[in-house]
Amino acid sequence: QAGARQRTRSIQVSASVAQMEGFTVKSVPTKPIEGQKTGTSGLRKKTKVFTSENYLANWIQSLFNALGEEAVGKTIGLGGDGRYFNKEAVQTILRVAAGNGIAKVVVGKDAIMATPAMSALIRRRSLYGGLIMSASHNPGGPDEDWGIKFNYSAGEPAPEKITDKIFGFTESILELKLAELADVDLSKVGTTRFGSFEVEVVDYTTEYFDTLKEVFDFPALRAFMTRPDFSLVFDAMHAVTGAYANPLFVGELGGKPDSIRNGVPLEDFGGGHPDPNLTYAHDLVELMWSDAAPVLGAASDGDGDRNMVLGSHFFVTPSDSVAVIAANAQAAIPYFKDGLKGVARSMPTSGALDRVAQKLGLQFFETPTGWKFFGNLMDADKCSICGEESFGTGADHVREKDGMWAVLAWLSILAHKNKDVPEGGKLVSVKDIVMDHWKQFGRNFYSRYDYEGVESEQANKMVQHLEGVIASSSKGQKFGDYVLETADNFSYTDPIDGSVAKGQGVRFVFQDGSRIIFRLSGTGSAGATIRLYIETYTDDASKFELDAQEVLKSIIGTALEVSKLQEFTGRDKPTVIT
Ligand code: G6P
Ligand code: ZN
């Protein structure tokens, strides 16, 4: 039957049989390799594991086995974050794709394609799916990490029913179908044909920028960017957004070339850890707290889906960022001119967005941690903007979080708020915008404590203990200074498909809206990471400028007491505070 389809297709594209036989497919015996379990962010391992014999080919073959007949004759996208091994991996993936009847692969020039750009490419070109070679914000290089994930037809990360199937095939695989193809030159845009199989190397900015142009008012942004009293510094952290930042901020929007820092993607990200937060984007943070601070500072991660936004001497928490964007979207961003369909945040993200939803009368959703939970809401037209505390912000223009989108959203808000400020007048700053937001909605003081590398058994015991506390607690009970409203282990029923996700984090919600949340990270690689999220709320404007750590001191003490964290883990302080 597959043969019949192949023949039909060859007639449709009027390729001759000779061209169909433009390459040979070899059947190569292989053996299952343990541990190729794909999470929703794909398969992530040390690079050396991936470069060892058949490791990558086995997984790709298993992917095509899982997709089966459905993928035959289809076109897929391929690209990555610029890390070490991506270019070699492309050649292997092309051979397995051709060997399994894929008709065409659209590859980003130099093997580049940011995660949100792949989502845009899939959607705009109606591709069957796309492969992204990235380990996100993990360091890259021969001794660091590599990773790959598959996104499906709406541009969203493959659902569990597919990733489970892939894993199943990795456990039983015995054969690779490898097409014998010469290496494709990835440095030049253009099409290479191998009989019925086609490889198109494309400019990785085209579809992505076309999508961004539909969302934002580029001429207005350009006018603002070129104001002499405005300045931007974007730190690409030597990762994939380096390939986009210059054409976008300088080329399209007229920014100064020195607005871009660390703007050349490097295979090892310059030896850095491409995660945009106060710890790893250290140079940018230093600049933003110096006298030379620009009006807007921003950074993005390895594959361009995360973002951090800063003003002069001011850090916008991701939880506040999504709330401010949602509150200003209709006025400042053309794509949202008819209002928002709804908004969503992950459970541990602060309640700042809830207050915006309430005031604007928007549908609101609280989902478990993980971008995949937003996809169904977006496909059902229930959510326009969403965000997570883990430096992820985005909208329904694609099905991934989008770092550059977040920067353009802030740029749009700044441009909008300053439209009546004459040159030389006092610009409305990032800090002014957030302070003004707090005046309208109140401030959610927020912090996250991470305890990394805890022994799994100890972490699990602490969670069990917390389950016990939940079970014996009751409404009105006092926890330190706080009066309990509810306590539970968060569970989510998807309003679209009815699927249920249980055990998504232990939370104590107090009567004044303060919250204590404990969760085990789902993305760690060694042992367990305990995340403690703490939040309190105030609408007392005299307190808005207080330091979050000071304000949260007492509730953090309560959280540590209730959880007996130190007793269970032996840790007297977190490894990271954000
Ligand atoms: C990835 C996912 C996010 C998630 C984050 C933190 O970046 O794409 O959706 O919020 O990991 O996950 P963790 O389980 O480590 O807290
Ligand atoms: Zn990422």
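The values are calculated or read from the model by the stated rules, or taken from the named source; none is laboratory data. Not measured: the values here are computed from a predicted model. Methodologically, a virtual Cβ is constructed for each residue, glycine included, from the backbone with ideal geometry; neighbour enumeration extends over all protein chains shown.
Tabulated data for the structure shown
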item: Considering residues of the range 271-280 that are more than 28 Å from K426 (Cα to Cα) and assigned to a loop (DSSP other than H, G, I, E, B) only, the residue farthest from ligand 2 (Cβ to nearest atom); result: T279
item: Residue ID - nearest to ligand 2 (Cβ to nearest atom), chosen from residues in the range 401-434 that are of a type in the set (D, E, K, R) and surrounded by fewer than 22 Cβ atoms within 10 Å (Cβ to Cβ); result: K431
item: Hits in the range 162-202 - residues which are in contact (Cβ under 8 Å) with a residue 12 or more places away in the chain and among the polar types (S, T, N, Q); result: T163, T170, S172, S187, S196
item: Single residue of the range 527-547 satisfying the filter (part of a strand (DSSP E or B) and over 24 Å from L484 (Cα atoms)) that is modelled with the highest pLDDT; result: T529
item: Odd one out for N460 among (1) within 16 Å of ligand 1 (Cβ to nearest atom); (2) surrounded by fewer than 24 Cβ atoms within 10 Å (Cβ to Cβ); (3) part of a strand (DSSP E or B); result: (3)
item: Given (1) within 16 Å of ligand 1 (Cβ to nearest atom); (2) in contact with a helix residue (DSSP H, G or I) (Cβ under 7 Å, 6 or more places away or on another chain), index of the condition T369 fails; result: (2)
item: Some residue of the range 315-328 being assigned to a helix (DSSP H, G or I), over 21 Å from the mean Cα position of the chain (by Cα) and free of Cβ contacts under 8 Å to residues at least 12 places away in the same chain; result: no
item: Criterion (more than 24 Å from K439 (Cβ to Cβ), away from ligand 2 (no atom under 16 Å from the Cβ) and in the same structural domain as A357 (by TED's automatic domain parsing)) met by exactly one of V285, V324; result: V285
item: Elements of type strands (runs of 3 or more DSSP E) contained in the range 171-224, each with 1 or more residues being out of contact with any Ser or Thr (no Cβ under 8 Å at 6 or more places or on another chain) and either surrounded by fewer than 17 Cβ atoms within 10 Å (Cβ to Cβ) or of a type in the set (F, W, Y) (or both); result: 190-194, 197-202
item: Positions within the range 372-413 being out of contact with any helix residue (DSSP H, G or I) (no Cβ under 9 Å at 6 or more places or on another chain) and in a loop (DSSP other than H, G, I, E, B), in sequence order; result: A380, D381
item: Residue in the range 290-308 that is farthest from ligand 2 (Cβ to nearest atom), counting only those that are out of contact with any Leu (no Cβ under 9 Å at 6 or more places or on another chain) and either farther than 19 Å from W371 by Cα or not in a loop (DSSP other than H, G, I, E, B) (or both); result: D291
item: Test result for K543, basic (K, R), farther than 30 Å from K161 by Cβ and surrounded by fewer than 18 Cβ atoms within 10 Å (Cβ to Cβ); result: yes
item: Long-range neighbours under 6 Å by Cβ, at least six apart or interchain, first residue in contact (Cβ under 8 Å) with a residue 24 or more places away in the chain within the range 367-381, second within 16 Å of ligand 2 (Cβ to nearest atom) and part of a loop (DSSP other than H, G, I, E, B); result: W371/K401; K372/T40; G375/E156; G375/R399
item: Cβ-Cβ under 6 Å pairs, at least 6 apart or on other chains, the range 387-404 side within 14 Å of V309 (Cα to Cα), far side among the charged types (D, E, K, R) and crowded, with 24+ Cβ neighbours inside 10 Å; result: G387/R345; F391/R306; G392/R306; G392/K401; G394/K401; G394/D402; G403/D305; G403/R306
item: Residue match in the range 472-487 (condition: touching a Ser or Thr at 6+ places or on another chain (Cβ under 6 Å), modelled with pLDDT of 95 or more and among the small types (G, A, S)); result: yes
item: Members of the range 387-405 that are of a type in the set (A, V, I, L, M) and within 14 Å of ligand 1 (Cβ to nearest atom); result: V398
item: Residues of the range 500-526 that turn out to be closer than 22 Å to P574 by Cβ, away from ligand 2 (no atom under 16 Å from the Cβ) and part of a loop (DSSP other than H, G, I, E, B), as a count; result: 4
item: Yes/no for H416 being assigned to a loop (DSSP other than H, G, I, E, B) and within 20 Å of Q330 (Cα to Cα); result: no
item: Filter result for F336 (more than 16 Å from ligand 1 (Cβ to nearest atom), of a type in the set (F, W, Y) and touching a helix residue (DSSP H, G or I) at 6+ places or on another chain (Cβ under 7 Å)); result: yes
item: Filter result for the condition that a residue is at pLDDT 95 or above, surrounded by fewer than 24 Cβ atoms within 10 Å (Cβ to Cβ) and either over 21 Å from G442 (Cβ atoms) or within 15 Å of ligand 1 (Cβ to nearest atom) (or both), over A380, A344; result: A380
item: Number of positions in the range 479-521 that are touching a residue at least 24 places away in the same chain (Cβ under 8 Å), exposed (fewer than 14 other Cβ atoms within 10 Å of the Cβ) and under 25 Å from T38 (Cα atoms); result: 2
